[in-house]
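**Q** The structure follows.
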Amino acid sequence: MKGKPGPVSEHLRPILDTYMGAAVALVGCTSTGLQRYSCEFDVLVVGERRPPTSLKIGDVYADLYFVPESEILKPAGPERALSLALCRPVRDTSLVLSAASSTFTATLSSTAEAANRVRLTSALKSVTRAEAALVNGNTLDADFWLLAGGYEFAYALLLSREVVPSPSHVMSQLREVSKGTASGFEGISVAAGLEAASRAGCGARLDGVTVIHDILREGQKDPTQPGWPRVKTEIMTEKAHELMTRVELAECYSFLGQEMIDGMLALQKSRPKGAISDLASGDSRLLGERLVRQLGLAREGESIKKGLELLKRQVAQLAKG
């Protein structure tokens with residue numbers, strides 16, 4: 001079943017009542033009709049700046065993002081502008097969201113190109129980090145940054161086709177834009193390690209990312225920063241289970257890989273500056289060897305090297321294009 005039954009406004013009634021008078025819109029896959037039954041509502045609330053949060057309303061989930069009105073027409077970054085171009089207002093009495101949507105729809109191509117350049121730059125940075133780690137014999141870091149670079153390149157490829165990436169739909173989005181050509185897709189597949197996208201591989205990675213979420217919840221000290229509430233883990237788990245039920249194993253493994261990247265980077269920020277591999281080494285390590293294997297970060301140096309060579313070549317091709 002695609003999406004949630006019933007009017008969107010009824011599902012979001014508690015949010016509309018809580019933030020009375022605020023402009024509210026759907027963004028992400030729920031604004032474009034791409035969502036599955038397990039997808040949460042991505043809700044933009046215009047008003048006071050607050051950390052994003054996740055919550056459950058009845059039997060549906062929602063991720064809330066709070067943006068001041070002054071930033072709606074001057075968004076922080078081209079991807080946010082793209083989201084506003086495609087947003088679906090639920091309440092917009094001041095017409096601020098409608099105005100933003102019209103403005104950024106008119107500049108969609110140039111905004112997508114700007115977002116593409118940002119993602120390509122990030123992909124190149126990740127590749128450089130992976131190469132440096134490999135030279136130093138640090139295969140865990142090299143594996144991690146190859147994976148991160150693959151996702152950045154996937155987003156760049158989608159943005160080059162004026163498609164706003166959606167984390168749990170990336171593989172289907174890539175297949176759609178790559179019809180008639182395999183350009184770029186091979187590099188993403190290898191970088192993301194999709195050869196391990198079995199039911200067992202998805203289950204193991206889900207268990208591993210759940211542990212990372214647990215560590216983040218237990219270690220959170222600053223209440224003003226975006227947290228990792230249990231509902232965030234519930235959203236991830238529901239998505240993964242639906243994808244496995246649909247036998248969309250590559251999509252599931254890819255989605256959980258992105259969740260892993262986000263979680264491990266958040267863990268790294270909570271510790272003294274160092275390499276990703278420091279999370280799995282030393283007396284104060286947070287991640288054991290078994291957990292690292294569950295996450296899928298166990299590729300050998302030669303495999304990582306081949307993946308980096310392919311990804312670098314396809315990043316360069318997209319940059320030239």
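The values are calculated or read from the model by the stated rules, or taken from the named source; none is laboratory data. Please read these numbers as outputs of a predicted model, since none were measured by experiment. Heads up, the Cβs are rebuilt from the backbone with ideal geometry, glycines too, and the neighbour counts pull from every protein chain shown. Note: areas computed on protein heavy atoms with side chains; ligands, DNA, RNA excluded. Shrake-Rupley method; radii C 1.70, N 1.55, O 1.52, S 1.80 Å.
**Q** Please specify each residue of segment 44-58 satisfying the condition of being farther than 20 Å from H241 by Cα, in contact (Cβ under 8 Å) with a residue 40 or more places away in the chain and surrounded by 17 or more Cβ atoms within 10 Å (Cβ to Cβ).
**A** Passing the criteria: L44, V46.
**Q** Determine whether segment 9-28 contains at least one residue that is of a type outside the set (V, I, T), farther than 16 Å from V96 by Cα, touching a strand residue (DSSP E or B) at 6+ places or on another chain (Cβ under 9 Å) and open to solvent by less than 30 Å² (accessible area, probe 1.4 Å).
**A** yes
**Q** State yes or no: is S38 in contact (Cβ under 8 Å) with a residue 40 or more places away in the chain, of a type in the set (S, T, Y), part of a loop (DSSP other than H, G, I, E, B) and open to solvent by less than 70 Å² (accessible area, probe 1.4 Å)?
**A** yes
**Q** Still on this structure: Considering only segment 275-321, state which residues are surrounded by 12 or more Cβ atoms within 10 Å (Cβ to Cβ) and on the phi > 0 side of the Ramachandran plot.
**A** Correct list: G296 only.
**Q** Within segment 59-80, can one find any residue that is under 24 Å from V8 (Cβ atoms), small (G, A, S), at pLDDT below 95 and open to solvent by 20 Å² or more (accessible area, probe 1.4 Å)?
**A** Looking through segment 59-80, none of the residues is under 24 Å from V8 (Cβ atoms), small (G, A, S), at pLDDT below 95 and open to solvent by 20 Å² or more (accessible area, probe 1.4 Å).
**Q** Something else: Taking the options L286, L311, name whichever one is of a type outside the set (S, T, N, Q) and under 22 Å from the mean Cα position of the chain (by Cα).
**A** Being of a type outside the set (S, T, N, Q) and under 22 Å from the mean Cα position of the chain (by Cα) holds for just one of L286, L311, which is L311.
**Q** Still on this structure, please answer the following. Just to be sure I understand, how many residues within segment 205-254 are among the hydrophobic types (A, V, I, L, M, F, W, C), at pLDDT 95 or above and either open to solvent by 40 Å² or more (accessible area, probe 1.4 Å) or not in a helix (DSSP H, G or I) (or both)?
**A** 2
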